[in-house]
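Chemist: So that we are looking at the same thing, I have put the structure below in structure tokens.
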Amino acid sequence: MSKTDCKTYEFSKIEPNWQLFWEENKTFHAVDSDDKPKYYALDMFPYPSGAGLHIGHPEGYTASDILARYKKANGYNVLHPMGWDAFGLPAEQYAVKTGTHPAITTKTNVENFRRQIQRFGFSIDWEREINTTDPGYFRWTQWIFLQLFKHGLAFVDERPVWWCPELRAVLANEEVVDGKSEVGNHPVERRNLRQFVLRITAYADKLLKGLDGLDWPDSTKRQQTAWIGRSEGAEVNFAIDGTDQHLTVYTTRPDTLFGATYMVVAPEHPVVSSITTPGQKDAVQEYIRKSALKSDLDRTDLAKEKTGVPTGGHCINPVNGEKIPVWVADYVLVGYGTGAIMAVPAHDDRDFEFATEFDIPIRQVIESPEEDTELPFTAVGNMVNSGEYTGMASDECKRQIIEKLEATRQGKAAVNFKLRDWIFSRQRYWGEPIPIVWVSKADYDKAAAQGCGPVRDMMPDNPVTTDKEGETLYALPLPVSSLPHKLPEVENYQPSGTGESPLATIPDWLNIHFNLATGEALSQAEAKPDGDDWVSAIRETNTMPQWAGSCWYHLRYLDPKNADALVDIEKENYWGSPDFYIGGAEHAVLHLLYARFWHIFLHDIGAVTTPEPYQRLFHQGLILGEDGEKMSKSRGNVVNPDEIIDEYGADALRLYEMFLGPLDAVKPWSTKNIQGISRYLRKLWNLVVDEEGKLQSNIQDGPESPENAKLLHETIRKVTGDIETLGFNTAVSQLMILLNHLQKSESIALSTVQDYLKLLAPLAPHIAEELWARTGGGPSILDNGWPTFDESKLGAAQIKVIYQVNGKMRGEGTFPEDTAKEEILATAKAHERVQSFIEGKTIRKEIYVPGKIVNIVAN
RNA sequence: GCCCGGGUGGCGGAAUUGGUAGACGCGCUGGACUUAGGAUCCAGUGGCAGAAAUGCUGUGGGGGUUCGAGUCCCCCCUCGGGCACCA
């Protein structure tokens, strides 16, 4: 019933057999509460592309599967789910080309991915499968959006995006290469478009502080820290000469205020027009015009020389009353700080370069403790040329200057972040529609005047507005009860000519009658119903970016079919945060930052109990092609897992991916090397099973030889430790060592073989189940516990000591554990080879490291 | 430019706190079995010298600390990743 009747290692029969067994017996069905401790192993779910699975996907899936199976064997209640991040551009582009609905493409691709993944025999609870494009899923993605909207974290702004006039399309940054569209090589330009933006900056501090407690790779934490980019400094007010206005700058080095010899404002800074003198007007306008034409790439190109023009205006330095010129230059960015800086060329690389270029005075105000300081000097030191602060340490000076600025109301301590708000809308079809409608101010006020109701309940404190064709429109939420807000059918997936989503091209969907009280929506193709609450509205046509669905999927697996909440809080509380989350390092900032933002927000509004989404994170390393290059269709070095499984089996592929090298290392694939694993599995089969398919006659119930037992227990220790620390490559090699040894044994205890199979089961589950059944064990092998390490089996009563002379190995000896130091040293010195190296020399020193090494120093 | 992570046989890679460098696998060499082997088994395999025992040498390069360094410190070369005028 459970085992096959194979006489040789026929993985093509054995593997499907056990996959069926696991499915029929619900071996990996996860129950939502249990007395056992829980273990939640999570993979970054894939985008089901048309190309199918590549060899990199199963690397992470195998790792999480090993942990899931290992934990199950150790008595845990394990959850190991899988799903599909299925909204996205490729299906939409395919639709534009062929007219095939993206839902159809997605369905086909998901089926192919599922089939491919199932061939690996992962311990996945397929009853919990999720798909971000299912209405039952994305209604909750939309629900979260409405919560963000209600809490004032979603707003609308004009933001520059890449627009390609030729393609009539908005392009993502990744789709623009060297100022041309990736498709067709057409020129692109910056265009301001109305965008929904999520106020992730409101969470900058929480996102930064939360990192502390996470068990994540340091490099990933560092990347997020750098991305959030917190800096501490001061805002300083400089009076604009000849007016009662002032210009505020942000600086991290208020201690260098005495060295400020000019100021710079960004070309987009609002003060430019008023500060510019008549004589400089033309030059400044020309400069602004030119920099507006530059792409972001040009503006941030460090290699180019700095540019700028004087405005003719001046400001007064608050610390010394000095009058200094104000320039406009595009090396200052309008979006950071106040968009204006004080320039201290002696102590800032960029200002130094600019001042040198334009012959602006450079005044040193900090002296290095070392001699011969070269400017620019950007470190800390002692103040010079700084009035009352001269002689002070620059750190202390910084504190005192901030204090004084605050006391005289000329400035204040300030914190800045590099983190920008998250542009959340996409002008596309294949995404979650944003559940918002637009109404007039009068209608909005009417909605706001309601005491409660499905619309009123989700309205923010401050209205979200946008200007369209001269009219200001107000955003109202669709009621939660109307979710999921589904995509309408369209004739054509092509974007509109104005850079709006294809949804904007369907008037019957776009223009609606909207009921302010109930949130009901009806097409304007129908007659307007009676009643004061019905108003005219237009729908939001943007959709959400692909990140949306992956921001909270870790929660949905816990309760995938819940129609009343995104997750039942009891279930969420039981399963908690994934104990292990594995995926590519390319998501270090985007997905992993966005998901943290949403999760922390959900925690703040009480929707979840865990403060962070992913407690323990790991990145598997890229698997390169045989040529050592990244696998890609165009290089022709892509390895198809289906073909490898056909030829070598899933167990071989799983083991080989783990044997390739450390899990987090980038490593090249080699189809030739998988032979080693293939041989290993066949050797194992032949160790256990004879030509008739019966248990080998030298495997007998009874005690094990001390020698076999010793290596078995070394292996139990090594494999157990290696699985815990994800050292799967060395776990496999230790299993090979033990097999090589057992092969040479005349007889083997049945218990040894069974323990061996238990150790192998997480890594190569099919052959382990099959051979386990052949030894008379009842399936699943995972229900039979994990081997226990017994130190007494190691025979540690003997110690091996290495003899060195002058640090070089010259011999070795074995002693009873309690042998005295003197005896070991004497034996070592009497050793023949040791003798030949110390003969005729004077012994200077004798070192004995207990149980390890003797080193005789002689010359 | 700045911040990380690497560099060990022909190849992928092993090596607690500094303590036998090269585990395991691939490949290669020789042998056994075989009509045959791209199957299987046995032996060998860092380099140089030697029939062998063995000796010397050896973890990107150069210096240093130490009885002892792949491992620790300093300088440099190189490959990979991330950030990139954030004041």
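The values are calculated or read from the model by the stated rules, or taken from the named source; none is laboratory data. A quick note: this is a predicted structure, and the numbers were derived from the prediction, not measured. No Cβ is skipped: glycine too gets one built from the backbone with ideal geometry, and neighbour counts run over all protein chains shown.
Chemist: Only one of A:687, A:763, A:750, A:738 is in contact (Cβ under 8 Å) with a residue 24 or more places away in the chain, under 21 Å from residue A:121 (Cα atoms) and among the hydrophobic types (A, V, I, L, M, F, W, C); which?
Modeler: Details: A:687 fails: under 21 Å from residue A:121 (Cα atoms); A:750 fails: under 21 Å from residue A:121 (Cα atoms); A:738 fails: under 21 Å from residue A:121 (Cα atoms).
Matching residue, one of A:687, A:763, A:750, A:738: A:763.
Chemist: Another one. Can you find a residue that is at positive phi and either touching a helix residue (DSSP H, G or I) at 6+ places or on another chain (Cβ under 7 Å) or of a type outside the set (Val, Ile, Thr) (or both) anywhere in region A:336-343? First the steps, then the outcome.
Modeler: Keep residues of region A:336-343 that are at positive phi, which gives A:337, A:339.
Subsequent filtering for residues that are either touching a helix residue (DSSP H, G or I) at 6+ places or on another chain (Cβ under 7 Å) or of a type outside the set (Val, Ile, Thr) (or both) retains A:337, A:339.
Yes; the residues of region A:336-343 include at least one that is at positive phi and either touching a helix residue (DSSP H, G or I) at 6+ places or on another chain (Cβ under 7 Å) or of a type outside the set (Val, Ile, Thr) (or both).
Chemist: Among the candidates A:334, A:319, A:328, single out the residue that is among the aliphatic types (A, V, I, L, M) and surrounded by fewer than 17 Cβ atoms within 10 Å (Cβ to Cβ). Outline the logic, then answer.
Modeler: Values: A:319 fails: surrounded by fewer than 17 Cβ atoms within 10 Å (Cβ to Cβ); A:328 fails: surrounded by fewer than 17 Cβ atoms within 10 Å (Cβ to Cβ).
Answer to the selection: A:334.
Chemist: Now, a different point. So residue A:418 fits all but one of (1) of a type in the set (Lys, Arg); (2) modelled with pLDDT under 95; (3) away from RNA strand B (no atom under 16 Å from the Cβ); what number is the exception?
Modeler: (3)
Chemist: If I filter region A:39-58 for residues that are within 24 Å of the chain's Cα centre (by Cα) and in a helix (DSSP H, G or I), do I get at least one hit? Steps first, answer last, please.
Modeler: The initial filter retains those residues of region A:39-58 that are within 24 Å of the chain's Cα centre (by Cα), namely A:39-58.
Restricting the remaining residues to those that are in a helix (DSSP H, G or I) gives A:57-58.
Looking through region A:39-58, at least one residue is within 24 Å of the chain's Cα centre (by Cα) and in a helix (DSSP H, G or I).
Chemist: Something else about it: Quick one: count up the residues across region A:746-765 that are under 34 Å from the mean Cα position of the chain (by Cα) and buried (at least 24 other Cβ atoms within 10 Å of the Cβ). Explain how you work it out, then say what you get.
Modeler: Kept after step one, since they are under 34 Å from the mean Cα position of the chain (by Cα), are these residues of region A:746-765: A:758-765.
Now narrow it down to the ones that are buried (at least 24 other Cβ atoms within 10 Å of the Cβ): A:759-765.
Final tally of qualifying residues: 7.
Chemist: Now for a different question. Where residues in region A:234-278 are in a loop (DSSP other than H, G, I, E, B) and away from RNA strand B (no atom under 16 Å from the Cβ), which of them is farthest from the chain's Cα centre (by Cα)?
Modeler: A:242
Chemist: Next question, about the same structure. Would you be able to say whether some residue in region A:663-672 is over 23 Å from residue A:793 (Cα atoms), among the acidic types (Asp, Glu), out of contact with any Lys or Arg (no Cβ under 8 Å at 6 or more places or on another chain) and touching a residue at least 12 places away in the same chain (Cβ under 8 Å)?
Modeler: Within region A:663-672, one or more residues are over 23 Å from residue A:793 (Cα atoms), among the acidic types (Asp, Glu), out of contact with any Lys or Arg (no Cβ under 8 Å at 6 or more places or on another chain) and touching a residue at least 12 places away in the same chain (Cβ under 8 Å).
Chemist: Within region A:663-679, is there a residue that is of a type in the set (Phe, Trp, Tyr) and crowded, with 21+ Cβ neighbours inside 10 Å? Walk me through it before giving the result.
Modeler: Of all residues in region A:663-679, those of a type in the set (Phe, Trp, Tyr) come to A:669.
Applying the additional criterion that residues be crowded, with 21+ Cβ neighbours inside 10 Å yields A:669.
Scanning region A:663-679, I find at least one residue that is of a type in the set (Phe, Trp, Tyr) and crowded, with 21+ Cβ neighbours inside 10 Å, so the answer is yes.
Chemist: Sort out which residues of region A:328-366 are modelled with pLDDT of 95 or more, over 30 Å from residue A:159 (Cα atoms) and near RNA strand B (Cβ under 8 Å from one of its atoms), and write them in order of number.
Modeler: Within region A:328-366, A:344 is the sole residue that qualifies.
Chemist: Now for a different question. Give all pairs with beta carbons closer than 6 Å in which a residue from region A:801-819 that is farther than 17 Å from residue A:845 by Cβ meets a residue that is loosely packed, with under 15 Cβ neighbours inside 10 Å; count only pairs at least 6 apart in sequence or on separate chains.
Modeler: From region A:801-819, the pairs are A:811/A:833; A:814/A:798; A:814/A:800; A:817/A:797.
Listed here are the residues, each with its yes/no results for (1) away from RNA strand B (no atom under 13 Å from the Cβ); (2) of a type in the set (Lys, Arg).
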| position | (1), (2) |
| --- | --- |
| A:786 | yes, no |
| A:793 | yes, yes |
| A:799 | no, no |
| A:802 | no, no |
| A:813 | no, no |
| A:822 | yes, no |
| A:842 | yes, no |
| A:850 | no, no |
| A:855 | no, no |
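Chemist: Out of curiosity, is residue A:443 within 28 Å of residue A:532 (Cβ to Cβ) and either within 16 Å of RNA strand B (Cβ to nearest atom) or among the acidic types (Asp, Glu) (or both)?
Modeler: Working: within 28 Å of residue A:532 (Cβ to Cβ): yes; either within 16 Å of RNA strand B (Cβ to nearest atom) or among the acidic types (Asp, Glu) (or both): yes.
The answer is yes for residue A:443.
Chemist: While we're here: Going by what's in this entry, would residue A:728 be described as within 43 Å of the chain's Cα centre (by Cα) and surrounded by fewer than 18 Cβ atoms within 10 Å (Cβ to Cβ)? Walk me through it before giving the result.
Modeler: Values: within 43 Å of the chain's Cα centre (by Cα): yes; surrounded by fewer than 18 Cβ atoms within 10 Å (Cβ to Cβ): no.
So residue A:728 does not fit the description; no.
Residues checked against (1) buried (at least 18 other Cβ atoms within 10 Å of the Cβ); (2) more than 11 Å from residue A:60 (Cβ to Cβ); (3) in contact with a helix residue (DSSP H, G or I) (Cβ under 7 Å, 6 or more places away or on another chain):
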position: A:590; (1), (2), (3): no, yes, yes
position: A:594; (1), (2), (3): yes, yes, yes
position: A:598; (1), (2), (3): yes, yes, yes
position: A:611; (1), (2), (3): no, yes, yes
position: A:615; (1), (2), (3): yes, yes, no
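Chemist: Can you find even one residue in region A:830-840 that is in contact (Cβ under 8 Å) with a residue 60 or more places away in the chain, outside any strand (DSSP E or B), within 14 Å of RNA strand B (Cβ to nearest atom) and surrounded by 15 or more Cβ atoms within 10 Å (Cβ to Cβ)?
Modeler: Taking region A:830-840 first, the residues in contact (Cβ under 8 Å) with a residue 60 or more places away in the chain are none.
Scanning region A:830-840, I find no residue that is in contact (Cβ under 8 Å) with a residue 60 or more places away in the chain, outside any strand (DSSP E or B), within 14 Å of RNA strand B (Cβ to nearest atom) and surrounded by 15 or more Cβ atoms within 10 Å (Cβ to Cβ), so the answer is no.
Chemist: Of the numbered conditions (1) farther than 15 Å from residue A:763 by Cβ; (2) touching an Asp or Glu at 6+ places or on another chain (Cβ under 8 Å); (3) away from RNA strand B (no atom under 11 Å from the Cβ), residue A:649 fails exactly one; give the number of that condition.
Modeler: Looking at each condition in turn, residue A:649 falls short on (1).
Chemist: Looking at region A:26-39, can you tell me whether even one residue there is of a type in the set (Asp, Glu), surrounded by 23 or more Cβ atoms within 10 Å (Cβ to Cβ), in contact (Cβ under 8 Å) with a residue 40 or more places away in the chain and farther than 23 Å from residue A:722 by Cβ?
Modeler: First, pick out the residues of region A:26-39 that are of a type in the set (Asp, Glu): A:32, A:34-35.
Filter once more, so that each one left must be surrounded by 23 or more Cβ atoms within 10 Å (Cβ to Cβ): none.
No, the conditions are met nowhere in region A:26-39.
Chemist: Taking residue A:605 as meeting all but one of (1) away from RNA strand B (no atom under 15 Å from the Cβ); (2) closer than 21 Å to residue A:206 by Cα; (3) crowded, with 16+ Cβ neighbours inside 10 Å; (4) among the hydrophobic types (A, V, I, L, M, F, W, C), write down the number of the exception.
Modeler: So the condition that residue A:605 fails would be (3).
Chemist: Which of the numbered conditions does residue A:316 fail, given that it passes all the others? Conditions: (1) at pLDDT 95 or above; (2) within 15 Å of RNA strand B (Cβ to nearest atom); (3) of a type in the set (A, V, I, L, M).
Modeler: (2)
Chemist: Let me ask something additional. Residues that are of a type in the set (A, V, I, L, M, F, W, C) and in contact (Cβ under 8 Å) with a residue 40 or more places away in the chain: which strands (runs of 3 or more DSSP E) entirely in region A:431-513 hold 3 or more of them?
Modeler: On the way: elements: A:436-439, A:465-468, A:471-477.
In region A:431-513, the matching strands (runs of 3 or more DSSP E) lie at A:436-439, A:471-477.
Chemist: Only residues that are in a helix (DSSP H, G or I) and either small (Gly, Ala, Ser) or exposed (fewer than 15 other Cβ atoms within 10 Å of the Cβ) (or both): list them for region A:1-12, please.
Modeler: Filtering region A:1-12 for residues in a helix (DSSP H, G or I) gives A:11-12.
Selection gives A:12 alone.
Chemist: Right, here's the next one. Taking region A:208-233, which residues are more than 9 Å from RNA strand B (Cβ to nearest atom) and in contact with a Pro (Cβ under 9 Å, 6 or more places away or on another chain)?
Modeler: Those that are more than 9 Å from RNA strand B (Cβ to nearest atom) and in contact with a Pro (Cβ under 9 Å, 6 or more places away or on another chain): A:210, A:213.
Chemist: Another one. Within region A:95-113, does at least one residue satisfy the condition of being under 30 Å from residue A:37 (Cβ atoms) and in contact with a strand residue (DSSP E or B) (Cβ under 8 Å, 6 or more places away or on another chain)?
Modeler: Step one: of region A:95-113, the residues under 30 Å from residue A:37 (Cβ atoms) are none.
No: zero hits.
Chemist: Kindly indicate whether any position in region A:372-391 is touching a helix residue (DSSP H, G or I) at 6+ places or on another chain (Cβ under 9 Å), within 15 Å of RNA strand B (Cβ to nearest atom), outside any loop (DSSP other than H, G, I, E, B) and under 21 Å from residue A:263 (Cα atoms).
Modeler: Looking through region A:372-391, none of the residues is touching a helix residue (DSSP H, G or I) at 6+ places or on another chain (Cβ under 9 Å), within 15 Å of RNA strand B (Cβ to nearest atom), outside any loop (DSSP other than H, G, I, E, B) and under 21 Å from residue A:263 (Cα atoms).
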